[in-house]
């Protein structure tokens, strides 16, 4: 049995990240800063010998991956299972707007119940099964190698929880950072986290992290 290393990258910043709007599967594009972040990621990975480059099918992840491809020559393999969690009626709204318009739905969404599904959305349990199943499949396909995966904040959150045994609803102690490098290892059917939130490829003014559910 061979260990697989996944370099898991959160997409660059979008305008909705900056505005703290709930994105989910709404197909937002990178901001100007997000494009700069993606280019910096590509330059960082240019000398790294990895086996494959995967991406979510949403534009903000795919464009980040294409910037990496431009520097590394790796073809982007798109997999829709790597997309962000679907938030239905919450998408496009600020946190305060969600609470005001949909107080009952928001209360259930904020509860520890992993099976609650926002109208038009996706439950945490279904989302976790989707994205972690995809990542485990990728790791198995490239056993013993290193792979780059460009995806979204809550995919990273799911990996963190899997690696640390942190249940849904428990606060994650570390922030999600745009265009960050996060390294996980898959061995014996289990996930281990090697590093989190590495943005050493960015200048200080390029670093963006937005807390709160409406920044997903």
Simple label model, 7 Å out from Cα along Cβ direction - residue 170 to residue 48, nm: 2.8
Cα-Cα pairs of segment 4-215 separated by more than 21 Å (percent): 50
Calculated from DSSP helices alone, with each H run of at least 4 adding -39500 (n - 2.57) and the total divided by the residues of the chain, [θ]222 nm to the nearest 500 comes to -11000 deg cm²/dmol
Can you tell me the 0 to 90 degree angle between the C-alpha axis of helix 32-45 and the longest principal axis of the chain, rounded to 10? 30
Inter-probe distance in nm under a simple model that places probes 7 Å from Cα toward Cβ, at residue 183 and residue 26: 3.6
Quick check: the distance between the Cα centres of segment 125-142 and segment 144-216, to the nearest angstrom? 15
How would 9, 138, 183 line up from fewest to most surrounding beta-carbon atoms within 10 angstrom? 183, 138, 9
For a quick check: sort 36, 170 by the number of other beta carbons within 10 angstrom, fewest at the front. 170, 36
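Rounded to the nearest 5, what is the percent of antiparallel bridges among the DSSP beta bridges in segment 4-215?
Antiparallel bridges make up about 55 percent of those DSSP assigns within segment 4-215.
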Between residue 204 and residue 59, what is the FRET efficiency for a Förster distance of 30 Å, r being their Cβ-Cβ separation, to the nearest 0.05? 0.65
In degrees between 0 and 90, to the nearest 10, how far off the longest principal axis of the chain does helix 153-164 point, with axes built from Cα atoms? 80
With a cut-off of 16 Å, note down the residues of segment 4-29 whose backbone N falls inside the zone around a label point 7 Å from the Cα of residue 100 toward its beta carbon. 20-22
By how many degrees, 0 to 90 and rounded to 10, does the Cα axis of helix 59-72 deviate from the longest principal axis of the chain? 10
Taking only Cα atoms and a 10 Å spring cutoff, compute GNM fluctuations for the chain and point out the largest among 67, 143, 96. 96
For Cα pairs less than 8 Å apart in space and 6+ apart in sequence, what is the mean separation divided by the residue count of segment 36-164, i.e. the relative contact order in percent? 32
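Taking neighbour Cβ counts within 10 Å as the exposure measure, how do 117, 83 sort from fewest upward?
In increasing order of surrounding Cβ atoms, one gets 117, 83.
All of the numbers you see were taken from the coordinates with simple rules; none came from a lab. Please read these numbers as outputs of a predicted model, since none were measured by experiment. Ideal geometry is used to build each Cβ from the backbone, glycine not excepted, and the neighbour counts take in all protein chains shown.
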